[in-house]
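The values are calculated or read from the model by the stated rules, or taken from the named source; none is laboratory data. Predicted model, so just to flag it, every value in this text is computed and none were measured. Backbone-built Cβ (ideal geometry, glycine too); neighbour counts: all protein chains shown.
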Amino acid sequence: MLNHFIRDSEIRFRNAFDILEQAIEERAFPGASVAIVYRGEIALAGLGRQRFNPESPGITPFTVFDLASVSKAVATTTAAAILYERGKLDLDRTVPSRPDLTIRSLLTHTSGLPAYVKLFEQTRDRTRLLELAYATPLEAPPGTRTEYSDIGFIILGDVLEKIAGETFNQFCQREIFDQLNLRQTRFCPPPDWRSRCVPTRHDDYFRHKVIQGEVNDENCWVMNGVAGHAGVFSSAADVSEFVQIWMGSQLNESSVSLLKPETVALFTRQQPGTTRALGWDRPTSPSSSGQYFSPESYGHLGFTGTSLWIDPSRELAIVLLTNRTWPDAKNQAIKQVRPRFHDAVVEALSKPFNADERG
C-alpha cells in the first residue's frame with residue numbers, strides 16, 4: 001500500500017489541477033478524481049462534483065467511477081497475465097469455435113474484428129449476445145491491421161472465464177481485487193454503492209433512466225454487468241494501488257506482487273505488426289498521454305472519461321477519472337484535456353520544487 005505522499009502536492013501540481021478545474025468550469029465534465037504515483041509516493045485529488053448542479057456531492061479520491069474500457073487493463077489483461085503465468089493460457093492458441101482468432105490477436109486488437117457492434121439491439125440475453133459476438137464476421141484478415149475492438153474483448157473475457165473454470169467476475173474479484181485489497185473495485189456495485197458512484201449518462205435511448213451505479217456500456221449491461229471489455233467500477237485511490245503490479249513491486253516493499261517482472265515485460269512490450277502491447281495501448285503521436293511519456297509507456301482509456309498511463313522509465317503513473325459522458329456523451333473536450341493534464345504533471349515533476357513559490 002502507498003503510505004508516502006508527495007509533499008505539498010496541491011501546490012506542486014497547481015497548474016495541472018487548474019487545467020481540470022477550467023475544464024469543469026467549461027462543462028467538459030462535472031468532476032475528476034486523480035492519482036499520481038511517482039517513485040513510490042502518491043498524490044490524490046478530487047475536483048468538481050458528480051453532476052453540474054452545485055447541490056451534487058463533491059468528488060474525492062475515493063469516489064467510484066465506471067472505468068469503461070480501462071476494465072480491459074484492470075481486469076481482462078491482468079487476468080490473462082495471471083493465467084499465462086500459471087501455464088493455463090497459450091497466447092497463440094486459437095479460440096474455440098473461431099479458429100481464425102488467437103488470444104494474442106485479441107489482446108493486440110489485430111484480429112480483424114470490427115471495433116463495435118450494437119449487439120444489445122438484437123438481444124437482452126447474455127448467452128445470445130455471446131453467440132452474436134462469436135458469429136461477428138471479420139472485417140480484415142487477422143494480423144493485417146490494428147482495429148481496437150470491443151467485440152474481441154467480449155470474446156476474450158469469455159475464453160478466459162472458460163480457462164479459469166469459474167465466472168469472470170469471481171476470478172477477477174478473488175485473484176486481483178481482493179489480493180490487492182481494493183475495497184472500492186468490483187463488477188456490479190451493490191445498491192448501497194449508488195450514492196458513491198458518479199452518474200455517467202441520462203439514457204433516453206435504451207434504458208430510459210439515469211445511469212448511476214450500473215455499467216454505462218449497453219453490451220456489457222446485457223451481459224449482466226460482467227464482460228471482458230467493460231464493467232469494472234473503481235476509484236482513483238484503488239487504481240493507484242493496482243498500477244503497482246504493472247510498475248514493479250520495487251516501488252513499495254509492502255506491495256503485493258501478482259505478476260513476475262518478466263510477465264510484466266512481455267505484456268507491456270510493443271508487439272510485432274502493431275503499435276500496441278498485449279492488452280495495453282502505447283503512446284503514438286499525438287497521444288492522450290501528452291508529449292513527455294517515454295516510448296516504453298503503456299496505458300488505457302475508457303469511453304466514460306477515464307484513463308490510466310504508466311511510464312516505467314520515470315516510475316510514474318497517472319490515473320484520471322472523469323464522467324465526461326454526463327449527461328449525454330456528446331462533449332469531446334476530454335481529448336484536449338488529457339494530454340494537457342499529463343504534460344502539466346510531468347512538467348511539475350521535472351523542475352525543482354519550492355513549496356514557498358506559490359505562483
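Screening ASP356 against (1) at pLDDT below 95; (2) in a helix (DSSP H, G or I) leaves a single unmet condition, (2).
Being in a loop (DSSP other than H, G, I, E, B) and of a type in the set (Val, Ile, Thr) is the filter here; which residues of the stretch 1-29 pass it? Within the stretch 1-29, ILE6 is the sole residue that qualifies. When you check ARG126 against the structure, is it farther than 15 Å from CYS220 by Cα and at pLDDT 95 or above, yes or no? No, not satisfied.
Residues of the stretch 36-60 being part of a loop (DSSP other than H, G, I, E, B) and under 22 Å from TRP309 (Cβ atoms), which ones?
Those that are part of a loop (DSSP other than H, G, I, E, B) and under 22 Å from TRP309 (Cβ atoms): ARG39, GLY40, ILE59, THR60.
Checking each residue in the stretch 183-197 for being buried (at least 20 other Cβ atoms within 10 Å of the Cβ) and either out of contact with any Gly (no Cβ under 8 Å at 6 or more places or on another chain) or in a strand (DSSP E or B) (or both) picks out GLN184, THR185, ARG186, PHE187, CYS197. Among residues of the stretch 178-227 being on the phi < 0 side of the Ramachandran plot and among the polar types (S, T, N, Q), the one that is farthest from the chain's Cα centre (by Cα) is SER195. Which of the residues spanning the stretch 118-148 are in contact (Cβ under 8 Å) with a residue 40 or more places away in the chain, surrounded by 16 or more Cβ atoms within 10 Å (Cβ to Cβ) and of a type in the set (Val, Ile, Thr)? Within the stretch 118-148, just THR146 meets the criteria.
Of THR263, THR284, THR275, THR200, which residue is farther than 30 Å from SER56 by Cβ, of a type in the set (Val, Ile, Thr) and surrounded by 15 or more Cβ atoms within 10 Å (Cβ to Cβ)?
THR263
When LEU301 is tested against (1) touching a Pro at 6+ places or on another chain (Cβ under 7 Å); (2) modelled with pLDDT of 95 or more, exactly one condition is not met: (1). If the condition is being under 21 Å from PHE303 (Cα atoms), touching a Pro at 6+ places or on another chain (Cβ under 9 Å) and surrounded by fewer than 19 Cβ atoms within 10 Å (Cβ to Cβ), then the stretch 93-117 contributes only PRO114. For the residues SER71, SER33, SER105, the requirement of being part of a strand (DSSP E or B), of a type in the set (Ser, Thr, Tyr) and closer than 24 Å to ILE245 by Cα singles out SER33. For ALA75, the conditions (1) exposed (fewer than 15 other Cβ atoms within 10 Å of the Cβ); (2) under 22 Å from ALA265 (Cα atoms) all hold with the exception of (1). For the stretch 239-256, does any single residue satisfy the condition of being at pLDDT 95 or above, crowded, with 19+ Cβ neighbours inside 10 Å and touching a Phe, Trp or Tyr at 6+ places or on another chain (Cβ under 6 Å)? No, every residue in the stretch 239-256 fails to be at pLDDT 95 or above, crowded, with 19+ Cβ neighbours inside 10 Å and touching a Phe, Trp or Tyr at 6+ places or on another chain (Cβ under 6 Å). Say we look at the stretch 287-321 and pick out the residues that are part of a loop (DSSP other than H, G, I, E, B) and among the hydroxyl-bearing types (Ser, Thr, Tyr); which of these is surrounded by the fewest Cβ atoms within 10 Å (Cβ to Cβ)? Result: SER313.
Check whether at least one residue in the stretch 63-76 is over 23 Å from the mean Cα position of the chain (by Cα) and touching a residue at least 12 places away in the same chain (Cβ under 8 Å), and report yes or no. No, the stretch 63-76 has no match at all.
Table: residues versus (1) within 18 Å of LEU182 (Cα to Cα); (2) surrounded by fewer than 23 Cβ atoms within 10 Å (Cβ to Cβ).
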{"position": "PHE29", "(1), (2)": "no, no"}
{"position": "VAL37", "(1), (2)": "yes, no"}
{"position": "LEU44", "(1), (2)": "yes, yes"}
{"position": "ILE59", "(1), (2)": "no, no"}
{"position": "VAL70", "(1), (2)": "yes, no"}
{"position": "LYS88", "(1), (2)": "no, yes"}
{"position": "LEU91", "(1), (2)": "no, yes"}
